[in-house]
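Some notes on the structure that comes next.
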Amino acid sequence: MNRLFAILVFAGVPLVLAGAFLNWSDMIMFVLCCISIIGLSGYIGRATESLAIVSGPRIGGLLNATFGNAVELIISIFTLKAGMVGIVLASLTGSVLGNLLLVLGLSFFAGGIKFKRQNFSLLDARYNSGLLIFAVIVAFVIPEIFSMSMDEQTTLNLSIGIAVILIILYLAGLFFKLVTHRGVFASSDKNVDEEEEETPEWTKRKSILVLLLATVTVAFVSEQLVHTFEMLGEKFGWTELFIGVIIVAIVGNAAEHVSAITLAVKNKMDVSVELAVGSTLQVAMFVAPILVLVSLIMPEPMALVFTVPELVAMVAASLLVINLCNDGESNWFEGLILFAAYLIMGIGFYFL
């Protein structure tokens, strides 16, 4: 997999650079940008994992939380800069659906094919369930309901207030899991040798250098990607909603998705589930609020108000995952249920 990421980066990025100067067609640039971003996100993940091992579990957990959705955040910022607020909100929806239904579903299915029954931390599952209800059902639905009787500026002010509360609670949650209750949320994967010490792939200096270079390159490639969105809509008849929910969300999280499924096949379900559900919580409680605040200096500010189909899809996905995960066990059929739900919602957004 690492070799594949290297091929994607060293083949894709130079071609994106050439295409930007030679004005290649939007279709070619879209494909090249997607390939490059998937490869670069793999490098960001590897650098972050190496730093996490070198720095210790507490700082490592914070690094994973910070850079876990860095690629998507960068793409969204450039999309906001282009004034495409609808695509940004749709990509947030797509991240929630993709992580909860596509990634978790494929992880349960792939792991369940190899192992009849897999276990993960019941304590983590219940903790994440509570936060899912708060972040998706409370923090996302309330602005939509209240905005019905508010003007545009008041709705934006409400969104800013909610964004600040979400960020504070997210940081408090990190402190809770990584500091005050660190031992309580220790991994329970039985197949992991407790005495085995992980060795970092790269040194601390190399990891920081790779992280910085990959992040800067992602910023450049993301700007080129955003310029192709209008062409996609015109050529294929795709709406902003579909582009954001399916295309941007999958591209921005591809490397993380592959990691979660690979870990499930290795029976490391605690980490796999945490990658899928934890990434969802990060999107809802950190990435989305940050984008609301960043949008204040952009051409068009973004209120935290989703469309009704987006809200219904996110709430349904959250409730389905909570119901399937609260026993701390998974199997291939539960994975198939989640994946089927993702396909149904994807078809709905395509025809919407």
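Descriptive notes on the structure:
- Counting the residues of the range 103-125 that are closer than 24 Å to Ala249 by Cα and surrounded by fewer than 24 Cβ atoms within 10 Å (Cβ to Cβ) gives 4.
- Complete set of residues in the range 330-350 that are surrounded by 21 or more Cβ atoms within 10 Å (Cβ to Cβ) and farther than 18 Å from Asn267 by Cβ: Leu338, Tyr342, Met345, Phe349
- Lone unmet requirement of (1) more than 17 Å from Val277 (Cα to Cα); (2) at pLDDT 85 or above; (3) exposed (fewer than 15 other Cβ atoms within 10 Å of the Cβ); (4) of a type outside the set (S, T, N, Q) for Arg182: (2)
- Filter result for the condition that a residue is under 22 Å from Phe78 (Cβ atoms) and either without any contact (Cβ under 8 Å) to a residue 24 or more places away in the chain or in contact with an Asp or Glu (Cβ under 9 Å, 6 or more places away or on another chain) (or both), over Val312, Val305: Val305
- Pairs linking a residue in the range 197-223 that is within 12 Å of Glu49 (Cα to Cα) and surrounded by fewer than 17 Cβ atoms within 10 Å (Cβ to Cβ) to a residue that is among the hydroxyl-bearing types (Ser, Thr, Tyr) and modelled with pLDDT under 85, with Cβ atoms under 6 Å and 6 or more positions apart or on different chains, are Glu201/Ser50.
- Number of the condition not met by Asp327 [criteria: (1) closer than 20 Å to Leu106 by Cβ; (2) in contact (Cβ under 8 Å) with a residue 40 or more places away in the chain; (3) surrounded by 15 or more Cβ atoms within 10 Å (Cβ to Cβ)]: (3)
- The range 306-337, residues that are among the aromatic types (Phe, Trp, Tyr) and outside any helix (DSSP H, G or I): Phe306
- Only a single criterion out of (1) among the acidic types (Asp, Glu); (2) over 30 Å from Phe146 (Cα atoms); (3) buried (at least 20 other Cβ atoms within 10 Å of the Cβ) is not satisfied by Glu310, namely (2).
- Between Ile142, Ile160, Ile133, the distinction of being of a type in the set (A, V, I, L, M, F, W, C) and over 19 Å from Ala317 (Cβ atoms) belongs to Ile160 only.
- Qualifying residue in the range 296-305 (condition: assigned to a helix (DSSP H, G or I) and among the aliphatic types (A, V, I, L, M)): yes
- Taking (1) touching a Cys at 6+ places or on another chain (Cβ under 8 Å); (2) under 21 Å from Thr262 (Cα atoms); (3) not acidic (Asp, Glu) in turn, Asn128 satisfies each apart from (2).
The values are calculated or read from the model by the stated rules, or taken from the named source; none is laboratory data. For clarity, every value in this text was computed on a predicted model and none was experimentally measured. Glycine gets a Cβ as well: all are built from the backbone with ideal geometry, and neighbour counts include every protein chain shown.
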